[in-house]
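The values are calculated or read from the model by the stated rules, or taken from the named source; none is laboratory data. Here the structure is a predicted model, which is why all the values come from computation and not from measurement. A quick note on method: Cβ atoms are made from the backbone with ideal geometry, for glycine too, and the neighbour counts reach across all protein chains shown.
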Amino acid sequence: MGGFFSVASKTNCTMDLFFGVDYHSHLGTRRGGMAVYGPEGFNRSIHNIENSPFRTKFERDAEELKGNMGIACISDMEPQPLLIQSHLGSYAITTVGKIANQEELVREAYEKGHIHFLEMSGGKINSTELVAAIINQAESIVDGLLLAQEKIKGSMTILLLTPEGVYISRDRLGRTPAVIGRKEGAYCAAFESFSFINLGYSDYRELGPGEIVLMRADGIEVLSPAREEMKICSFLWVYYGYPTSSYEGINVEEMRYNCGRMLAKRDHAQADLVAGIPDSGIAHAIGYANESGIPFSRPFIKYTPTWPRSFMPTSQNQRSLIARMKLIPVDSLIRDKSLLLIDDSIVRGTQLSETTEFLYQSGAKEVHIRPACPPLLFGCKYLNFSRSNSDLDLITRRIIRDREGDNVSAEVLADYADPDSQNYKDMIECIRKKLNFTTLQYHRLDDLVASIGISPCKLCTYCWSGKE
């Protein structure tokens, strides 16, 4: 995944840029970058942040980079922002999204005269460089941004820093957010709406799907209006979004309370306490506890001062080890207790299975699991949410393969996604047994959509339903 922050100010913007992008650190763990434009032209800094927080790597840069406009990013993928010189002039570019048809676009770029791309480790091409190559095929920046929106399959929100201002292009179907903030003498743009509050900015407005604007210190100019169709990612509310953020006017924390409340309404579990798997499961668990009347507790505490995010290492064994090391048990809240745990989702199932075993070893009598979303059946085609290379990384698809064989039709998968079907119930029971839960009950998709509270046609639910 990744996050971005941008500022256009009448004064030096570097500190706002530095702190604003740092508030996006939950969205990426591999690369960070800042680019500014000022009297001395463009200046840029990129660092690896895999083993060190963004702030520690960029504190010196924040003092040295000077400019009244800038863009910055946190990324789980390629190094950026990039500095580009083309017939459209010089600019810095950063992106958030996923290009599903990269090979096709690279081949087309070669055919149109693009000579080469810089190759990254593993033979991959920097997606942001490819986006720049598409933009440069047009006769203007706006036409280039529109061209990129049309050509890219997947999603791509683009920020371009130029001497004239910052161009912001939200991805064509609005799968990820782009929010504008305002204060006297400056405007900012961000992925996360909370990121500019403590910097003195107030909410100005959200960009619509496919909307393109030019941001300057004295205002926002709409260059291409928003489109009607929207498919914002539902998983932002379930897991990825920070609790203090809002997307399309819906706060993440409040949505998670709604989600837990609706989970409880359909449940009849008998438990001594309700707990959330830290951190993203906690708000869901509070909503469940408030509705059910079962006390909310913290039977284990997450130790965060030194441990990195559990999914950061590429090795599954390392991820599982770190996840286990971070959770410290509270014996008196576990021993001889029946626990109902809410996690944001079950992907591979490895970590949750180990957490459950850890609770049994700590004396738990029962462990009931309630994921805050439906079973994940399809890997995301639109956003870089995980490093999974195959749908078979999902525990659901492995269970279905074991039951149906290697070639499973779309109709059969649709039946497994239906919470009222026998195949669905059998799949859930297989997962329960495999991961050694006392009981297992997922959130229903219709309840999840209701928990968010915006029109279902504006939400992407592909990873659960397979419907685009």
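Return yes when Arg403 is part of a helix (DSSP H, G or I), farther than 25 Å from Met262 by Cα and modelled with pLDDT of 95 or more and no when it is not.
Details: part of a helix (DSSP H, G or I): yes; farther than 25 Å from Met262 by Cα: yes; modelled with pLDDT of 95 or more: yes.
Yes.
Taking region 300-356 as the range and being part of a loop (DSSP other than H, G, I, E, B) and at pLDDT 90 or above as the test, the residues that pass are Val330, Arg335, Asp336, Lys337, Asp343, Asp344, Ser345, Ile346, Val347, Arg348, Gly349. Residues considered: Glu139, Glu150. Of these, the only one that is surrounded by fewer than 23 Cβ atoms within 10 Å (Cβ to Cβ) and either in a helix (DSSP H, G or I) or within 25 Å of the chain's Cα centre (by Cα) (or both) is Glu150.
Selection of region 1-43 for residues being farther than 30 Å from Lys381 by Cα and assigned to a loop (DSSP other than H, G, I, E, B) yields Lys10, Thr11, Asn12, Cys13, Pro39, Glu40. Only one of the listed residues (Ala62, Ala109) is farther than 26 Å from Phe191 by Cα, touching a Phe, Trp or Tyr at 6+ places or on another chain (Cβ under 9 Å) and assigned to a helix (DSSP H, G or I). That residue is Ala109. Which of the residues belonging to region 153-179 are out of contact with any Leu (no Cβ under 7 Å at 6 or more places or on another chain), in a strand (DSSP E or B) and not polar (S, T, N, Q)? Scanning region 153-179 gives Gly154, Met156, Leu159, Leu160, Leu161, Val179.
Of the residues Ile46, Ile115, which is surrounded by fewer than 21 Cβ atoms within 10 Å (Cβ to Cβ), without any contact (Cβ under 8 Å) to a residue 60 or more places away in the chain, of a type in the set (A, V, I, L, M, F, W, C) and in a strand (DSSP E or B)? The unique qualifying residue is Ile46. Residues that are free of Cβ contacts under 8 Å to residues at least 60 places away in the same chain, within 25 Å of Gly154 (Cβ to Cβ) and in a strand (DSSP E or B) within region 209-227 comprise Val213, Leu214, Val222, listed in sequence order. If the condition is being small (Gly, Ala, Ser) and in a strand (DSSP E or B), then region 281-299 contributes no residue at all.
Scan region 447-465 for residues that are touching a Leu at 6+ places or on another chain (Cβ under 6 Å) and more than 21 Å from Tyr416 (Cβ to Cβ) and the total you get is 0. Within region 233-279, the set of residues being of a type in the set (S, T, N, Q) and surrounded by 19 or more Cβ atoms within 10 Å (Cβ to Cβ) comprises Ser234, Ser245, Ser246, Asn258.
Is it the case, given these coordinates, that Ser386 is of a type in the set (Ser, Thr, Tyr), within 30 Å of Ile152 (Cα to Cα) and modelled with pLDDT under 95? It would help to see each step written out before you state the result.
On the way: of a type in the set (Ser, Thr, Tyr): yes; within 30 Å of Ile152 (Cα to Cα): yes; modelled with pLDDT under 95: yes.
Yes; evaluated as a whole, the condition is true for this residue.
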